[in-house]
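The values are calculated or read from the model by the stated rules, or taken from the named source; none is laboratory data. The model shown is predicted, which means the values in this text are computed figures rather than measured ones. Here the Cβ positions follow ideal geometry from the backbone for every residue, glycine too, while neighbour counts run over all protein chains shown. Each accessible area value is taken on the protein alone, full model and side chains, heavy atoms only, with ligands, DNA and RNA left out. Shrake-Rupley method; radii C 1.70, N 1.55, O 1.52, S 1.80 Å.
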Amino acid sequence: MAAVQGGLVDAVEEKDIKTEPSNDGCGNNNANDARPLSTSPGSGASAGSNASAAAGPPEDQQTLLAVLQFLKKNKLTESVDILRREAGLPEDSPDLKAGGDPGSGSAGAAGDGNAGGGDASSLLSRVTTASSAVAPAPTKAVAEDQPDVNVVLSAYSQQGDPKLYPVYYSGLKRFIESVLDCHRAELSQVFYPLFVHMYLELVYNNHESEAKAFFDKFSGDQECYYEDDLRVLSSLSKREHMRGNETLLDFRTSKFVLRISRDSYQLLKRHLQERQNNQIWNIIQEHLYIDIFDGMPRSKSQIDAMSGSLAGEGKREANKAKVYYGLLKEPEIELPLDDEDEEAENEEGKPKKKKPKKDNMGSKSKKQDPNAPAQTRIPLPELKDSDKLDKIMYMKEATKRIRLGPDNLPSICFYSFLNAYQGLTAVDFTDDSSLIAGGFADSTVRVWSVTPKKLRKVKSAADLNLIDKESDDVLERIMDEKTASESKILYGHGGPVYGISFSPDRNYLLSSSEDGTVRLWSLQTFTCLVGYKGHNYPVWDTQFSPHGYYFVSGGHDRVARLWATDHYQPLRIFSGHLADVTCTRFHPNSNYLATGSSDRTIRLWDVLNGNCVRIFTGHKGPIHALAFSPNGKFLASGATDGRVLLWDIGHGLMIGELKGHTDSIYSLRFSRDGEILASGSMDNTVRLWNATKAFDDLETDDFTAATGHVHLQDNSQELLLGTYLSKSTPVIHLHFTRRNLLLAAGAYNP
Amino acid sequence: MAEERRQKQCSVSLPTESMKAMAESMGVGQLQEESCAALSEEVSYRIKEIAQDALKFMHHGKRRKLTTSDIDNALKLKNVEPLYGFQSQEFIPFRFASGGGRELHFYEEKEVDLSDIINTPLPRVPLDVSLKAHWLSIEGVQPSIPENPPPAPKEQQKVESTEPLKVIKPGQEEDGTMQGKSQGATPADGKGKDKGLIRLKPRSTHELSVEQQLYYKEITEACVGSCEAKRAEALQSIATDPGLYQMLPRFSTFISEGVRVNVVQNNLALLIYLMRMVKALMDNPTLYLEKYLHELIPAVVTCIVSKQLCLRPDVDNHWALRDFAARLMAQSCKTFSTTTNNIQSRITKTFTKSWLDEKTQWTTRYGCIAGLSELGPDVIKTLILPRLTIEGARIKAVMEGPVVSNIDKIGADHVQSLLLKHCASVIAKIRPQPDNVEQYRTDYGYLGPMLCSHVMKARTQAALQAQQVNRTTLTITQPRPTLTVSQSGLSGSAGPRTPSIIKVPSSLTLMSPRPGTPSQPSPPATKYIVMATSAGAASTQQVITLSSSQSASPVTSTVPSATSTFQPLVKLESGSGPGLTGSRPMQKYIVVSLPSSASSSLETKSSVLPTSISSNPLEAAMKLDRSESPGASTQSPH
């Protein structure tokens, strides 16, 4: 495996060096929001990341220094080194990062989008200079001891009369309430970001009591799904607090994105200019990104469906890049056909059994899916003999798979962890459902065998020497019968284990923990093989790629990392989320991965070049569950708000909302053929949803892909096929066996 | 509402006094008011920040409860040393103190004697994590097994029986209009329902699966079989299994038919078994019996008032069955009586009618009275007390008149004691003191004098436990008759009247001379009897007498369980042992509890004043031994 990968990975690593800064540079418009790097002090115009708008060299150096300090403070030492290396070059080089990425071919689309964004922002900047006198003092800010935050915050230093803030705000409120209904919903989106920024401005300029009064007066008007952020905001009442407050940095460093129709925008603009309301206009110019589109204004429900994330909606450009969501061609494996026939005959219905099999074979022999990535787009490990055997097993099982549907619901087998004392934090099943692993708050990982086959260790080296290596059952002989037991405990982590994942070949197990490491365990020797250090903060989730070898991890440091098992450093760092990366999932074709975050967005990343290719907004709480449909076209996500959202990856659209759960959703899984979506939640229920119907309904709808506006029908109740309540056992993992039996797992909390 | 909450959130901050207190504890004497204010704001902000981070850890830990370790982890995130070793058994470990016009909450850190810790036996090792699989659903249908929650929650069964048209399929949520397998095919889906289409209640099929049939057979056989152990197990199963909903109609028919047949055959044992089944069904928290009362109530009433329940009425104790069934009746009246079905008033009428009948036999009479008196003091007051004179005359006629038959005599005797038992406590409450025997005689006739003595006893008891009376009545309102034979064996109180002292709660063992006191039917009879171990103060001697003398009235020495668990009757006894003359007296608290539950078996606390620590450990041990000896089951406290 490693040998195959060696050369390719080197290339990948090389790219890594480039991609990392380029994330912040211009490669993709979205990632740049992550760091203050892109926002050169003060002028709102330059935030638009295009190098042309950047200011002169001395200022750049200051920015770099600030960034370096910021990175150091956040212990991103690798990045510091990389940046140093780059900055060590002559002064004109810092902008080199901007040129880093356009080289890679697939970033073309993103580049286009970026250009659009740049245009928009420069357009805005012209308006800014025309309408108001912006006089921030970047140099002064840098002089202070903590330049990073101050650089970020200095934009707030502009002064208005604090007394007038409520007047401005309520004036705007009155105006928006008086406009036509069709515009009102759209313009109401402005309230929340305006409120936040006005409040922060008041706080920054030490108008504590005014800020408090302002908050008390208007916080009640905000949409309920911003409550969590408002809570953070409310606790913040002093300028000193603003340092080191991450939520706040997010507000400032990333522009809040609003989608507003051109008509509504004009209306707003005219109003503000007429009233000479510079205060508000400045905020809109500097802190908001208004994504203007032509056409009908959206309705309230449309807006509500998409809003809720920490930094507004995803920009339309962000979702324009082409995503190869098709599946990879299955490798040709010659099936021992006679075997198959025999079995088919043994089972009762011969013709019935044949048919699905034929379908399977048909789809496999079909030509390459036009939406599928090239087979070698990502170097994948070669199949070993054992993998091939497993594939054959898989196909055999697949022929016995039950066809699910609304009239044929799956059976659910529930694995309860008893005596877990509230300590079960993660569960995973192997693909063939033979092993189950649990991560616990007491830092242990336990593996159980759920088949009669017990878990055995490999014999010690000395004993292995004695084995006859030529014998047929050598694989059996290397196992130490004395160690056979139903479960094994893996010790090694120094904190609660939050993520756990089996490798597809069942030889390895990954676990991620609060101690900041991801560990790779061997299931042959039941020992730890590697500890991957990179995240300095808790690692919330990890998952093996469906093809093995690669894995992804995401944690409190807001980045997701792509690793290969034989490299102790990450191959890719996906940065862009504004808060913790809470869950990570690989696309079935291993070319993409999805990350959910507590900034309430989902991002889809291209493994090849590290670009963010999709941003999905609409959840109103941290996302804790993600699942790709087996055909790779759709993504389902579940969050603490108890809702499951369905996304079309190709079009970058929300296509469904499944309401019903009353608590956080911790697990989502599609059935093997994708007909049923199962969701498990803290409310102790497993719910089954009709995925076929959810996706079919959509295809009959005329797609409004151009505008990206969704009309969601409220049909959750029709799609819900069943609710199964467990006995005070939160469902934290779900898994469909190869025959479509649903396995659920959770800890019994009496 | 959200608005209000938000308002609160942004205004909450620590009081400045706390800052002062903390500064003082650190040795900073005079802190300026402004510094305090600044500090408190800063600290509040940081605490909020940490709490928010801790919340993240809670979410990822897949928990609903925030734990101290979450906070530790959040502190670690901020590079702050976590609080090591902070754990508390109590929910809020803080103590409150005030003084000098200041109020203070502090964390009590007791000094712990290391030798105590070393010498105490280690707690049991917690059970290891294990994995258990069960079927949550089989092809879309949730099986009724103990691992799954009851298919039809009690609330829903209630709704079903009270509002039959608003039927909800089992296993689905209240407002859910999702289609299961059956509904999925029909076009009438959730929307149709809302439009007010006439929906006929689907005829529910009562097919039992093979397993359920087997279960039913096993259970019913065990319940009426000869093996007592098996029966106990079966009844336990009926009382706890969540999946019996579908079998309920079968059980209720089984009981009603069984009673019908066995009354005719005078098979007392079987009737008792069937009543125990009724009891078990009622105890099952997942069942709502309203739908089946039409079968169950006649059966129960039969067991209360039937003329003859056994083959040898002069020997067999059918009275206990009547008492037990009467209690069941009262319980179902309390649970199911509504203004619509009027169960209680109908039952009351039935009882009264047959009681008033001159020709009613003593057995039926007894049943009627028992049934009525179980319904509560109000019923006793309005229906029984006015008839005491007449009833007394009738008893007198039998007792003092010519010997009619032995059976009648026994019957009259039982009726008499029943009336005395129930009426005394009621009269004690409604009748003003003093208790004059003559007055009683004029008021209540033949029963007057006996009643008078009973009332006086009741009063002494009430006076003794004046502050606990209220709670006592509280326990009575929830009568839970039980059939477990309670353990007796307080050596000091083994006398003819023990049953009511040690409270053999309604033991249906046929040998029991008298059924349990109905006024205190609650089974978890944890009793605390205070043992004093010295010839010290006179005040405590009284307690000794009460607890150890046999002649004490039953009520006196039993302390209601519910109250005593909260306030163990602890008497402070200052006495000096023989070897300790001259030294300061030793104080001992010894609380002996007579158990029925495992939680509090026997608590023996002995605290020795510091000065006498050196005195004589042997002596203390000896004392302990002595004090423990009366207790039937002695266990070390923890």
Study note, to complete from the structure: Restricted to segment A:738-750 and to residues being more than 26 Å from A:Tyr421 (Cβ to Cβ) and open to solvent by 20 Å² or more (accessible area, probe 1.4 Å), the residue farthest from the other protein chains (Cβ to nearest Cβ) is A:Arg739
Check your understanding: So which of A:Phe251, A:Phe218 ends up being aromatic (Phe, Trp, Tyr), touching a Leu at 6+ places or on another chain (Cβ under 8 Å) and surrounded by 16 or more Cβ atoms within 10 Å (Cβ to Cβ)?
Key -> A:Phe251
Practice item. Six or more apart or on different chains, Cβ under 6 Å: which pairs go from a residue in segment B:125-149 that's open to solvent by less than 80 Å² (accessible area, probe 1.4 Å) to one that's part of a loop (DSSP other than H, G, I, E, B) and among the aliphatic types (A, V, I, L, M)? Could you list them? Key: B:Val129/A:Ala420; B:Gly140/A:Leu409
Exercise for review: Evaluate segment A:405-412: report whether one residue or more is closer than 30 Å to A:Gly722 by Cα, open to solvent by 80 Å² or more (accessible area, probe 1.4 Å) and assigned to a loop (DSSP other than H, G, I, E, B).
Suggested key: yes
Practice item. Could you please let me know if A:Asn715 is surrounded by 21 or more Cβ atoms within 10 Å (Cβ to Cβ) and either over 21 Å from the mean Cα position of the chain (by Cα) or at pLDDT 95 or above (or both)? Key: no
Practice item. Kindly indicate whether B:Ile384 is part of a helix (DSSP H, G or I), within 29 Å of the chain's Cα centre (by Cα) and closer than 18 Å to B:Val305 by Cα. Key: yes
Practice item. Filter segment B:57-69 down to the residues that are modelled with pLDDT under 90 and in a helix (DSSP H, G or I), then identify the one that is nearest to the other protein chains (Cβ to nearest Cβ). Key: B:Ser69
Review point. Quick check, is B:Thr302 open to solvent by 10 Å² or more (accessible area, probe 1.4 Å) and part of a helix (DSSP H, G or I)?
Key: yes
Practice item. Test B:Leu214 against the criterion of being away from chain A (no Cβ under 14 Å), surrounded by 12 or more Cβ atoms within 10 Å (Cβ to Cβ), at pLDDT 80 or above and in a helix (DSSP H, G or I), and give yes or no. Key: no
Review point. Only one residue in B:Ser425, B:Ser417, B:Ser453 is small (Gly, Ala, Ser) and farther than 25 Å from B:Leu321 by Cα, so which one is that?
Key: B:Ser453
Revision key, fill the gap. Out of (1) in a loop (DSSP other than H, G, I, E, B); (2) open to solvent by 10 Å² or more (accessible area, probe 1.4 Å), the one A:His619 does not meet is (2)
Practice item. Kindly check whether there is at least one residue in segment B:113-131 that is within 30 Å of B:Gln246 (Cβ to Cβ) and modelled with pLDDT of 85 or more. Key: yes
Practice item. Considering only residues that are out of contact with any helix residue (DSSP H, G or I) (no Cβ under 7 Å at 6 or more places or on another chain) and within 14 Å of chain B (Cβ to nearest Cβ), look in segment A:518-537 and name the one that is surrounded by the most Cβ atoms within 10 Å (Cβ to Cβ). Key: A:His535
Check your understanding: Which one of these is surrounded by 15 or more Cβ atoms within 10 Å (Cβ to Cβ) and without any contact (Cβ under 8 Å) to a residue 40 or more places away in the chain: B:Leu372, B:Leu385?
Key -> B:Leu372
**Study point:** Single condition B:Gln344 does not satisfy, out of (1) over 24 Å from B:Leu268 (Cβ atoms); (2) at pLDDT below 85
**Key:** (2)
Revision key, fill the gap. Checked A:Leu466, A:Leu455 against criteria (open to solvent by 50 Å² or more (accessible area, probe 1.4 Å), more than 18 Å from the chain's Cα centre (by Cα), farther than 30 Å from A:Lys75 by Cα and hydrophobic (A, V, I, L, M, F, W, C)); the one match is A:Leu466
Exercise for review: Report whether or not A:Val179 is of a type in the set (Val, Ile, Thr), away from chain B (no Cβ under 14 Å) and without any contact (Cβ under 8 Å) to a residue 40 or more places away in the chain.
Suggested key: no
Practice item. Could you list all residues from segment A:425-443 that are open to solvent by 10 Å² or more (accessible area, probe 1.4 Å) and either assigned to a loop (DSSP other than H, G, I, E, B) or facing chain B (nearest Cβ under 9 Å) (or both)? Key: A:Asp431, A:Asp432, A:Ser433, A:Ser434, A:Ala441, A:Asp442, A:Ser443
Point to revise | Restricting segment A:483-517 to residues that are farther than 30 Å from B:Thr68 by Cα, of a type in the set (Ser, Thr, Tyr) and open to solvent by less than 40 Å² (accessible area, probe 1.4 Å), the residue that is nearest to the other protein chains (Cβ to nearest Cβ) | key: A:Ser485
Check your understanding: Out of B:Ser256, B:Ser226, which single residue is buried (at least 18 other Cβ atoms within 10 Å of the Cβ) and over 27 Å from the mean Cα position of the chain (by Cα)?
Key -> B:Ser256
Exercise for review: Can you confirm whether segment B:21-30 contains a residue that is of a type outside the set (Val, Ile, Thr) and modelled with pLDDT under 80?
Suggested key: yes
Exercise for review: For segment A:616-641, enumerate the residues that are more than 23 Å from A:Pro546 (Cα to Cα) and within 13 Å of chain B (Cβ to nearest Cβ).
Suggested key: A:Gly621, A:Pro622, A:Ala639, A:Thr640, A:Asp641
Practice item. Test each condition in (1) of a type in the set (Ser, Thr, Tyr); (2) touching a Leu at 6+ places or on another chain (Cβ under 7 Å); (3) surrounded by fewer than 17 Cβ atoms within 10 Å (Cβ to Cβ) for B:Tyr444 and report the one that comes out false. Key: (3)
Review point. Hey, does segment B:326-334 have a residue that's in contact with a helix residue (DSSP H, G or I) (Cβ under 6 Å, 6 or more places away or on another chain), surrounded by fewer than 21 Cβ atoms within 10 Å (Cβ to Cβ) and among the charged types (D, E, K, R)?
Key: no
